[in-house]
Amino acid sequence: MHIVVDQLTKTYGRQKAVDNISFRVRPGEILGFLGPNGAGKTTTMKAITGLFSFDAGTIHIGDKSITSQGDQVKRHIGYLPEDHALYTEMPVIDYLKFIAEIEDIEPARISERVGEIIQITGLQDEKHKQIGELSKGYQQRVGLAQALIHDPEVLILDEPTTGLDPNQIVEIRELIKSIGREKTVILSSHILAEVEATCDRIMIINNGQIVADGTAKELQDRARGKYLMNVGIAGADADAVYNALKNLPQVEMVDFADKQQMLFEVRSVDQNSPAKEIFDMCVAHAWYITRMTPQETRLEDVFRQLTMN
Ligand code: ATP
């Protein structure tokens, strides 16, 4: 099912939490919301799940409006809230059976479905424990299990890997990725590496507005503008190499990255690599290249550029 958000605005008093944002997510796509604290991620996610009314705009899940046809569409949505309240005194298995009933799963299918979801979320060894006795990571898995139990077509996950250890993060990421092949998924995170690893597309939100939307690669390319590379050249005096590099028409700027080691940082005049010119220059002088690596614009740099107010 598609998610179509059109000109959504939500205000709290005079604070515009979400300011006229529009986007679509298609089935089989995992969209990552990235943004600093207070950017409007949770507000947008809650609006999509139909948890509250908003001031302006429309949200459609498939062809149904979340506002006027919410009853028909909410059962297709699985939601993992940021601060999910679990019944800590209930054993995991009873809690999931209870959620399955609330989600209108046929009584005859409940045990089987709870068994499946326990398997999928790796809760097999914990299923008889009270939720309050579980570690934070396992509680997070219970949260995911409750979001998935009715096999929803749309999944909204607010910071799904919070509190997980690095191994669990990888497992949950893989789980979300495999689920995401068939469903429409939006997740939020503060962890750049996480959205980069899990999501097909990233939307950076700042002050309630979308400031970037694309694949990690597209966002990096857009932010980079100029081609940057690290070059190591040996067989000559460092200053001679520096001057020769500086005189290449394709090179806009040269810096010593490590003068002793004859390492240079080179910025091209445009998005194209000056590798060929540097190679020809070295051949002409009988110098040799010890290193030539493009410098990646990290998603972290893109994020900072777009969200520093
Ligand atoms: P975080 O990463 O910290 O969870 P977020 O991007 O999810 O942040 P939101 O929780 O959507 O951000 O908040 C957006 C803005 O709306 C913030 O300025 C916040 O203070 C405000 N806000 C959110 N919920 C409420 C509320 N119930 N009452 C008043 N203001 C609110």
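Taking the criterion of being within 16 Å of the ligand (Cβ to nearest atom) and touching a residue at least 60 places away in the same chain (Cβ under 8 Å), would at least one residue in the stretch 162-184 satisfy it? Can you show your working first?
Let us first name the residues in the stretch 162-184 that are within 16 Å of the ligand (Cβ to nearest atom), namely 162-163.
With the extra rule that they be touching a residue at least 60 places away in the same chain (Cβ under 8 Å), the set shrinks to 162.
Checking the stretch 162-184: at least one residue is within 16 Å of the ligand (Cβ to nearest atom) and touching a residue at least 60 places away in the same chain (Cβ under 8 Å).
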Of the residues that sit in the stretch 28-38 and are open to solvent by less than 30 Å² (accessible area, probe 1.4 Å), of a type in the set (Gly, Ala, Ser) and within 13 Å of the ligand (Cβ to nearest atom), which one is modelled with the highest pLDDT? Gly32
Per the filter on the stretch 100-146, residues in contact (Cβ under 8 Å) with a residue 24 or more places away in the chain, farther than 18 Å from Leu164 by Cα and either among the aromatic types (Phe, Trp, Tyr) or in a helix (DSSP H, G or I) (or both) are Ala100, Arg113, Val114, Ile117
Is there a residue in the stretch 52-72 that is within 11 Å of the ligand (Cβ to nearest atom) and either of a type outside the set (A, V, I, L, M) or open to solvent by 30 Å² or more (accessible area, probe 1.4 Å) (or both)? yes
By residue number, the members of the stretch 80-115 that are open to solvent by 40 Å² or more (accessible area, probe 1.4 Å), under 30 Å from His60 (Cβ atoms) and of a type outside the set (Gly, Ala, Ser) are Glu82, Asp83, Glu101, Ile102, Glu103, Asp104, Glu106, Arg109
Boolean, Val211 is assigned to a strand (DSSP E or B), aliphatic (A, V, I, L, M), more than 16 Å from the ligand (Cβ to nearest atom) and in contact with a strand residue (DSSP E or B) (Cβ under 9 Å, 6 or more places away or on another chain): no
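Quick check: anything in the stretch 244-264 under 20 Å from Ala216 (Cβ atoms), open to solvent by less than 30 Å² (accessible area, probe 1.4 Å) and touching a strand residue (DSSP E or B) at 6+ places or on another chain (Cβ under 6 Å)?
No, that holds for no residue.
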The listed residue being more than 7 Å from the ligand (Cβ to nearest atom), assigned by TED's automatic domain parsing to the domain that holds Arg173, open to solvent by 10 Å² or more (accessible area, probe 1.4 Å) and under 17 Å from Ile156 (Cβ atoms), out of Lys16, Lys10, Lys41: Lys10
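The values are calculated or read from the model by the stated rules, or taken from the named source; none is laboratory data. Since we're looking at a predicted model, the values are computed, not measured. FYI the Cβ positions are ideal-geometry reconstructions off the backbone, even for glycines, and counts take in every protein chain you see. Accessible surface is based on the protein model in full, side chains and every heavy atom, while ligands, DNA and RNA are left aside. Shrake-Rupley method; radii C 1.70, N 1.55, O 1.52, S 1.80 Å.
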